[in-house]
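One structure is given below, encoded as structure tokens.
The values are calculated or read from the model by the stated rules, or taken from the named source; none is laboratory data. Note that this is a predicted model, so its numbers are computed, not measured. Note that we place each Cβ from the backbone using ideal geometry, even for glycine, and neighbour counts take in every protein chain shown. The area values use the complete protein model at the heavy-atom level, side chains included, leaving out ligands, DNA and RNA. Shrake-Rupley method; radii C 1.70, N 1.55, O 1.52, S 1.80 Å.
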Amino acid sequence: FRGQGIRSVVNVPMIAGGQVVGLIGFEAVQSQEMRWRADETATFMVLQDFFTNALRRKQVGKELQRANRILRAVTECNDALVRAKDEDALLRDVCRIVVEAGGYKMAWIGIAMNDEDKSIQPIAQWGLDGGYLAGLSPSWADTERGQGPAGRAIRTRTPVAVPSAVPAGSRGPRSTA
């Protein structure tokens, strides 16, 4: 602090819904007094409320947009079900709708096969996959090859989410399958 001429600091936590979401920092430099008056800290608390509410509104807006995308995708999938002429077309339409209305990069549907390898056969997909499905060869066997998210989801009968599955500069999702 001294190297930058800072003589004193006040940090005010930003609290929303009982959770700390950040802080606001104020610094006094050499030309200012080192003591913080009570009216200054009270003003900082008002600013904290203002900034916290702005952040919450932004977060709620993003959550509302996401919920609306999901609702639109579900509605369009219901419409596709009513219009479907055959199962293959329906599955392709569902993948397309999830990508286009849901805002996802890719969607695919696979069938758990009961063959020796317990393979997962992709039967429909839409969106950019960068060759992901062609080179995947997924399995749901309880082996090293079956430890990817698709295999784990089938084996455990529960959703498997992998955050940040696509490293920067990568062409497609990573999987241990």
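For the reader, a short list of remarks on this structure follows.
- Within the span defined as the range 127-142, one or more residues are among the polar types (S, T, N, Q), over 23 Å from the mean Cα position of the chain (by Cα) and in a loop (DSSP other than H, G, I, E, B).
- Taken together, the criteria place residue 97 among residues that are open to solvent by less than 40 Å² (accessible area, probe 1.4 Å) and out of contact with any Leu (no Cβ under 8 Å at 6 or more places or on another chain).
- Taking the range 129-147 as the range and being in contact (Cβ under 8 Å) with a residue 40 or more places away in the chain and either within 30 Å of residue 64 (Cα to Cα) or open to solvent by less than 60 Å² (accessible area, probe 1.4 Å) (or both) as the test, the residues that pass are 129, 130, 131, 132, 136.
- Test result for residue 90, modelled with pLDDT under 90, of a type in the set (A, V, I, L, M, F, W, C) and either open to solvent by less than 40 Å² (accessible area, probe 1.4 Å) or not in a helix (DSSP H, G or I) (or both): no
- Condition broken by residue 71, with the remaining ones in (1) over 30 Å from residue 126 (Cβ atoms); (2) under 21 Å from the mean Cα position of the chain (by Cα) satisfied: (1)
- Filter result for residue 66 (open to solvent by 70 Å² or more (accessible area, probe 1.4 Å), under 21 Å from residue 154 (Cα atoms) and either of a type in the set (D, E, K, R) or part of a loop (DSSP other than H, G, I, E, B) (or both)): no
- Filter result for the condition that a residue is hydrophobic (A, V, I, L, M, F, W, C), free of Cβ contacts under 8 Å to residues at least 60 places away in the same chain, open to solvent by 30 Å² or more (accessible area, probe 1.4 Å) and not in a helix (DSSP H, G or I), over 109, 120: 109
- Those residues of the range 30-50 which are under 19 Å from residue 20 (Cα atoms) and open to solvent by 90 Å² or more (accessible area, probe 1.4 Å), in sequence order: 45, 46, 50
- Condition met for residue 102 (farther than 30 Å from residue 13 by Cβ, in contact with a helix residue (DSSP H, G or I) (Cβ under 9 Å, 6 or more places away or on another chain) and in a strand (DSSP E or B)): no
- Taking first residues from the range 51-75 that are closer than 25 Å to residue 25 by Cβ and partners that are open to solvent by less than 100 Å² (accessible area, probe 1.4 Å) and not hydrophobic (A, V, I, L, M, F, W, C), the Cβ contacts under 9 Å between residues at least 6 apart in sequence or on separate chains come to 51/22; 52/22; 55/22; 56/17.
- Residue within the range 148-167 that is at pLDDT 90 or above, open to solvent by 80 Å² or more (accessible area, probe 1.4 Å) and part of a strand (DSSP E or B) present: no
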